[in-house]
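Heads up: the structure comes next, in structure tokens.
Please treat every number below as a calculation from the coordinates, not as lab data. Quick caveat: nothing in here was measured; it's all calculated off a predicted structure. For neighbour counting, all protein chains shown are included, and Cβ atoms are generated from backbone atoms with ideal geometry for every residue, glycine included.
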Amino acid sequence: MMTIDRDFALTKEYDKKYCMQVFAPLEVAFRKGKGVYLYDTNGNKYMDMIGGIAVNTLGHNNKALTSTISKQAAELIHCSNYYYIPERSELAFRLCTLSFADKVFFSNSGAEANEGAIKLARGYFYHKGQPEKNEIITAKMSFHGRTMATIAATGQEKFRTPFMPVVPGFKYVEFNDFDAIVEAADDKTCAIMLELVQGESGVHPADEDYVKKVRKFCTDKGILLIIDEVQTGVGRTGRMFCYENYNITPDIMTLAKGLAGGVPIGATLCTNEVSKGFVVGDHGSTFGGNPLACAAGSCVLNQIAEKDIISNVNEVSSYLFSEIQALQDKYNSIVNVRGKGLLIGIEFREGISSAGMREQLFRKGMLVSAIGRSTIRIAPPLIITLGEAKKFVTALKDVLKAQKKNPLPTSSGSVADSTQPTMVMPIEAPDK
Ligand SMILES: *Cc1c(COP(=O)(O)O)cnc(C)c1O
């Protein structure tokens, strides 16, 4: 029997041959992880500064999480929503206790959580006898998922173009522009859907004043405010939920990525009033709310509280912001550092491509994501220590230093470049 798991060449060959080619991976495959570290098929060690894209909240191979999952798997992985599910009840209780919400619907991913939110907003007005209120305003450069309704919600044409016609009923307005919302809203508007930090398009936080005005506008006009916290939720931005940074509460919130620390899960949360948008039979899911994912979710929330992980997020975040800003002052290659908590975008000046920076950092054993032409994103596990964050700062500094001596070619990279595979191997020695 072939041992494909230890053989990178075979892994790659079979991927090219048998997997649909929608990703453009780096030249690496990982075998295992521990904390913020990942180990590739050759035993090389990397620091995971992207955490599976804001998913691995507790880091890799977290004891509490792996033991919760294995215990739960030994008891019950799945049953159906035809029955009551204790783990689902518990996670719903925890989420409602921690947030503005009164009710939760569980699904399996961010896109599904947002699909649920979109259906719920429309269902709410349908059941109120106002089915004509069915349009949703979203922001340009937003990202809400890859399903047909969520690509319609996403304010970036490139995600929709090949798949027209998409679900109708969406309008896009400039992000952080309150007047644009006022102008776009009318009697047909049922909801405004926003990320508070636009993650996929470059880590752009919403302005405080903007969010407050949008909240008030929604309340005044009887429009639902949907906040997509798929990336920002569950401690990521230094509060349990990002909306807390803005002193507002949404009517509907979606969660996914970090909620179960790596086990697939999605959640659509809302107030009691808005939950009238779904009656029996209106929505459902085979896997959503299964015991395994819900037990994992409760474990993550429990660990965040028990280990005071949110304080750690804030401590490491201020350290990273001040150190990266110091690098910005010293090296003119960085033009902007932005984000909240441990969701940070570092933008480089024209001529330095995000793909190039990702590659340089990869060579130093640092995993980051490249977004757009010139921004890299970091979203490490929330358990990252100051000492580990320091290693990242040192690596970034080394890259900037080397760049100063040996400037990269000035042809600016494109978004397409940023997804091209690179042929480099990490330099850090195997760690046994
Ligand atoms: C990742 C993401 C999604 C989509 O989540 P999937 O689990 O990939 O479907 C939706 N919204 C935001 C803000 C995201 O970051």
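For K405 and R146 in the same chain, what is the full-extension length gain: residue separation times 0.36 nm, less their Cα-Cα distance, in nm?
89.1 nm
Against the longest alpha carbon principal axis of the chain, how many degrees, from 0 to 90 and to the nearest 10, is the axis of helix 110-127 turned?
The angle comes out near 10 degrees.
Lys/Arg Cβ at +1, Asp/Glu Cβ at -1, dipole of the chain taken about the Cα centre: which of S99, A206, I344 is farthest positive-ward?
Final value for the positive-end residue is I344.
Only Lys, Arg, Asp and Glu count, each charged at its Cβ (+1, +1, -1, -1), so figure out the dipole size of region 18-173 about its Cα centre, rounded to 20 debye.
On the way: 18 positive and 12 negative charges, 27 e Å.
Once rounded to the nearest 20, the dipole reads 120 debye.
Go ahead and set up a Gaussian network model of the chain, Cα springs under 10 Å, then flag whichever of E323, E87, E75 fluctuates most.
Ranking E323, E87, E75 by mean-square fluctuation puts E75 first.
In a GNM of the chain with a 10 Å cut-off on Cα contacts, which of D48, D179, D102 has the highest mean-square fluctuation?
Answer for the Gaussian network model of the chain: D179.
What does the extension gain come out to for S285 and A305, with contour length at 0.36 nm per residue minus their alpha carbon separation?
Answer, rounded to one decimal: 4.3 nm.
Roughly what would the spin-label model give for D15 and H78, points 7 Å off Cα along C-beta, in nm?
Inter-label distance under the simple model: 2.6 nm.
For the Cα atoms of the chain, what angle does the longest principal axis make with the long axis of helix 309-330, in degrees from 0 to 90, nearest 10?
With rounding to tens, the tilt is 50 degrees.
Using per-residue counts of other Cβ atoms within 10 Å, averaged over each peptide, order 67-73, 22-28, 396-402 from highest down.
In decreasing order of mean packing, 67-73, 22-28, 396-402 become 396-402, 67-73, 22-28.
Springs between alpha-carbon pairs under 10 angstrom, Gaussian network model over the chain: which of M47, M141, M193 fluctuates most?
M141
For region 1-154, how many pairs of lysine residues have a Cα-Cα distance under 28 Å, where the two are 8 or more positions apart or belong to different chains?
Count of close lysine pairs: 22.
So for the chain, averaging the separation of alpha carbon pairs under 8 Å that are six or more residues apart and normalising by length, what relative contact order in percent results?
With pairs under 8 Å counted, the relative contact order is 23 percent.
Using the Kirkwood radius over Cα pairs, work out the Stokes-Einstein diffusion coefficient for region 125-243 at 20 °C and 1.002 mPa s, in µm²/s as a whole number.
The Stokes-Einstein estimate is 146 µm²/s.
Is it possible to state the helix-based mean residue ellipticity at 222 nm for the chain, with each DSSP H run of 4+ residues giving -39500 (n - 2.57), the sum divided by total residues, to the nearest 500 deg cm²/dmol? What is it?
-11500 deg cm²/dmol
Only bridges whose two residues both fall in the chain count here: according to DSSP, what percent of them are antiparallel, nearest 5?
Values: 32 of 51 bridges.
Antiparallel bridges make up about 65 percent of those DSSP assigns within the chain.
Straight-line reach only, C-alpha to C-alpha below 20 angstrom: list the aspartates and glutamates that K212 could link to, leaving out same-chain residues fewer than 8 apart.
E174, D177, D179, E183, D186, E195, D220, D228, E229, E244, D251
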